1. Any idea what the relative contact order of region 136-207 is, in percent, if you count C-alpha pairs under 8 Å spaced at least 6 apart?
2. Using only the heavy atoms of the protein chains and a 1.4 Å probe, how would 360, 119 rank by accessible area, largest first?
3. How charged is the neighbourhood of residue 371? Take every other residue with its Cβ under 15 Å from the Cβ of residue 371, and add Lys/Arg as +1 and Asp/Glu as -1.
4. Given a 1.4 Å probe and heavy atoms of the protein chains only, how would you sort 288, 147, largest accessible area at the top?
5. Could you tally the net charge around residue 205, taking each other residue with its Cβ under 15 Å from the Cβ of residue 205, Lys/Arg +1 and Asp/Glu -1?
6. Can you tell me, using C-alpha contacts under 8 Å and at least 6 residues apart, the relative contact order of region 5-142 as a whole percent?
7. Once both labels are modelled 7 Å past Cα along the beta-carbon direction, what's the residue 288-residue 29 spacing in nm?
8. Would you kindly state how much longer the chain becomes between residue 361 and residue 327 on full extension, computed as 0.36 nm times their sequence separation minus their alpha carbon distance, in nm to one decimal?
Amino acid sequence: MAEAVRFAEVWVPFCRKHDIEQRNPDSYFNLKTDPTKNKKRPDFVKDRRWIKREYDEFKVRINGLPEAIRKRSDMHNSREAMKEKRLAKEKNCGSLPPDFNVEKATWMADGTHWPGTWLNPIADHSKGDHAGILQVMSKVPEYDPVMGHPDEKKLDFNGVDIRIPMFSYVSREKRPGFDHNKKAGAMNGLVRASAILSNGPFILNLDCDHYIYNSLAIKEGMCFMMDRGGDRVDPSDRYANHNTVFFDGSMRALDGLQGPVYVGTGCMFRRYALYGFHPPRASEYLGMFGQIKSPAPNVPAKPQSEEDESQPLNVHPDLDLPRKFGNSTMFTESIAVAEFQGCPLADHASVKNGRPPGALLVPCQPLDAPTVAEAIAVISSWHALAF
């Protein structure tokens, strides 16, 4: 993934410079059509030849990573073993103790390492037994466009925005005895970690083998969700599906239960919808078949005195969120922000409780060590038990 980010730093500006909409490089370089069609910049052929060579070298580096990591680890392990032997001999009058043993480790290019190898893992560092992992591969982008230079990474990106989105690798904590291999749990961990890191009001869920052929797909989805007529589902029926029962009946009926069920991938959400709050209700339907209608109980108001020790804990001003959100203050504080930013756009008098224009233009704060540490904490097993 670090190699992919390195390639993206030149591939994304190249696509912006030459209006390349086929953002998947493998599909782009395998197109059967003329790549120079409608291209007007005189340096397009030179840039395309250079970026194609970079892509081929990127694929070769990816294919050689397992062997490169093994050779690097063997070299570092041999050096560390020699140091340990020398120290052991000095402490044992020139001879090695009978129980002398040096544990091997896996070494990365930047010098970081962890005990155990891929073939011989050890406890706390194996596939199903490790702590939470969070690696920020690219930093938070600047709020204003960052223009490149005439010789930016061997290409002329003068006047081209060279920013790329923040990219983070997240692996939630896994321990024996816990069922950690389901997509729903992985999404819960990603929702919590991303709330700490960026707290974007909209989430697009994709599989690792999915490609996006429209670079404006996320923006179009956001515009649909911010529209005050947000219940429109392809009114022209351009694909001749005629799924009126599904869209106009079932899906709208399930909106009363916090929205329809979600199965699979390739879907865009409001972040707030994934937190599982109960929808507002004026009536409750009880009984075996829901035939008994009764008024919904009122939500208890917060006590006037925050210092009153006799107040019940479930209405304490610091504990008014469900217990399933855990005890991360930074995470719970991000929920109200995500709910506000995900509201429809209040650009018309008919929109009630909407979001004013420009509320999403607030720049993200740079990440610091406490923020990253909190993001790792919310993907731990003990936090998942509370969620």
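The values are calculated or read from the model by the stated rules, or taken from the named source; none is laboratory data. Keep in mind that what you see is a predicted model, and the values were worked out from it rather than measured. Using ideal geometry, Cβ is built from the backbone for each residue, glycine included, and neighbour counts are taken over all protein chains shown. The accessibility values were calculated without ligands, DNA or RNA, using every heavy atom of the protein model including side chains. Shrake-Rupley method; radii C 1.70, N 1.55, O 1.52, S 1.80 Å.
1. 25
2. Values: 360 55, 119 155 Å².
The ranking, largest first, comes out as 119, 360.
3. Numbers: positive: 139, 192; negative: 333, 368, 374.
Residues near residue 371 contribute -1 overall.
4. On the way: 288 165, 147 95 Å².
Largest accessible area first, the list is 288, 147.
5. Numbers: positive: 182, 183, 192, 270, 271; negative: 207, 209.
That sum, taken over residues with Cβ under 15 Å, equals +3.
6. Values: 74 pairs, mean separation 21.1, N = 138.
Relative contact order for region 5-142 comes out at 15 percent.
7. According to this spin-label approximation, the distance is 6.6 nm.
8. Details: separation 34, 0.36 × 34 = 12.24 nm, distance 2.91 nm.
Contour length minus Cα-Cα distance gives 9.3 nm.
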